[in-house]
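The values are calculated or read from the model by the stated rules, or taken from the named source; none is laboratory data. Given the structure is predicted, the values throughout are model-derived calculations rather than measurements. Backbone-built Cβ (ideal geometry, glycine too); neighbour counts: all protein chains shown.
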Ligand SMILES: NC(=O)c1ccc[n+]([C@@H]2O[C@H](COP(=O)([O-])OP(=O)(O)OC[C@H]3O[C@@H](n4cnc5c(N)ncnc54)[C@H](O)[C@@H]3O)[C@@H](O)[C@H]2O)c1
């Protein structure tokens, strides 16, 4: 049975970290949300987190690197909800299994990160675009990274995927011109999430300066050393900007990439 008619958002990687905060923000603001994630346990957990005021959350186990799984996600979204207005491409990985122990990017790190962060994002967007174009006020928000702006010597495979996401967003925006649909990129800085816990491990495993630090200590040191605002950014900070990009007030923005990084990178 279909749920109550509200605007509907699909959030890839919506079960943990930044994606979880986006899911909760959009649901609290009254959207129905489809969480599309590999992580079944967390996905089912988050789908229980709504109350009577918020939109529904439905979990669809999804692998954005698998075309069949993407098609299933589209069918699932329509069998649960009446409409489809918003796509948030957030799913991402920082490398292949074991990347946090390596000081140099391996071929499998390039492969895994490009498959999920770039091809997965493009394939989900391509599959959903015709449906989004059926509505007048659809929105696509892609999650890239400040690493995609300036590069990151320790994670070149990852940084390059995020540069590709920023550029894909601009290219698609130009292709979609004259359609009533906006597409923007959000570039987070340093946020404490399950992914950053792994990044912290990588630094402590591979960099002399961080030998003996735990992941959180590495993170705190980097925040202190590089964020002019003097505090880490949170998944909620990112979710707030994503929400803005889904709102009618953001109708004048498209093709943009905006940092949520406390002044880390200025561009
Ligand atoms: N944490 C940071 O500091 C930071 C900074 C810049 C950008 N980002 C980006 O923000 C996004 C979210 O990162 P996070 O820090 O919350 O990481 P996270 O690891 O907590 O969350 C990523 C989510 O994506 C899901 N996922 C991974 N591969 C998938 C696949 N093939 N199909 C479907 N789902 C998949 C995971 O299960 C997980 O729930 C990523 O794109 C990441 O690159 C994070």
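Quick notes on this structure:
- Options 127, 111, 107; residue that is more than 14 Å from the ligand (Cβ to nearest atom), modelled with pLDDT of 95 or more and either surrounded by fewer than 19 Cβ atoms within 10 Å (Cβ to Cβ) or within 19 Å of residue 183 (Cβ to Cβ) (or both): 107
- Flag for residue 74 being within 16 Å of the ligand (Cβ to nearest atom) and out of contact with any strand residue (DSSP E or B) (no Cβ under 8 Å at 6 or more places or on another chain): yes
- Selected residue (criterion: nearest to residue 266 (Cα to Cα)) from residues of segment 215-234 that are surrounded by 13 or more Cβ atoms within 10 Å (Cβ to Cβ) and more than 14 Å from the ligand (Cβ to nearest atom): 221
- Among the residues of segment 26-67, those that are crowded, with 23+ Cβ neighbours inside 10 Å and either outside any strand (DSSP E or B) or at positive phi (or both) comprise 26, 27, 31, 43, 46, 62, 64.
- Test for residue 265: is it modelled with pLDDT under 95, farther than 16 Å from residue 92 by Cβ and within 15 Å of the ligand (Cβ to nearest atom): yes
- Residues satisfying the stated conditions in segment 77-104, i.e. part of a helix (DSSP H, G or I) and either surrounded by fewer than 16 Cβ atoms within 10 Å (Cβ to Cβ) or within 15 Å of the ligand (Cβ to nearest atom) (or both): 77, 78, 79, 99, 100, 101
- Residue within segment 93-115 that is in contact with a strand residue (DSSP E or B) (Cβ under 9 Å, 6 or more places away or on another chain) and closer than 17 Å to residue 163 by Cβ present: no
- Screening residue 4 with (1) modelled with pLDDT under 95; (2) within 16 Å of the ligand (Cβ to nearest atom) gives one miss only, at (2).
- Members of segment 135-165 that are out of contact with any strand residue (DSSP E or B) (no Cβ under 6 Å at 6 or more places or on another chain), at pLDDT 95 or above and more than 13 Å from the ligand (Cβ to nearest atom): 156
- Condition check for residue 137: in contact (Cβ under 8 Å) with a residue 60 or more places away in the chain and surrounded by fewer than 21 Cβ atoms within 10 Å (Cβ to Cβ): yes
- Taking every residue in segment 108-128 that is under 13 Å from residue 97 (Cβ atoms) and pairing it with any residue that is assigned to a helix (DSSP H, G or I) and away from the ligand (no atom under 11 Å from the Cβ), at least 6 positions away or on another chain, the pairs with Cβ-Cβ distances below 7 Å are 109/99; 109/157; 113/157.
- Tally, over segment 9-34, of residues that are more than 11 Å from the ligand (Cβ to nearest atom) and touching a helix residue (DSSP H, G or I) at 6+ places or on another chain (Cβ under 7 Å): 7
- Which numbered condition residue 195 fails, given (1) modelled with pLDDT of 95 or more; (2) more than 23 Å from residue 42 (Cβ to Cβ); (3) surrounded by fewer than 21 Cβ atoms within 10 Å (Cβ to Cβ): (2)
- For residue 37, the criteria (1) within 14 Å of the ligand (Cβ to nearest atom); (2) touching a residue at least 60 places away in the same chain (Cβ under 8 Å) hold in every case but one, which is (2).
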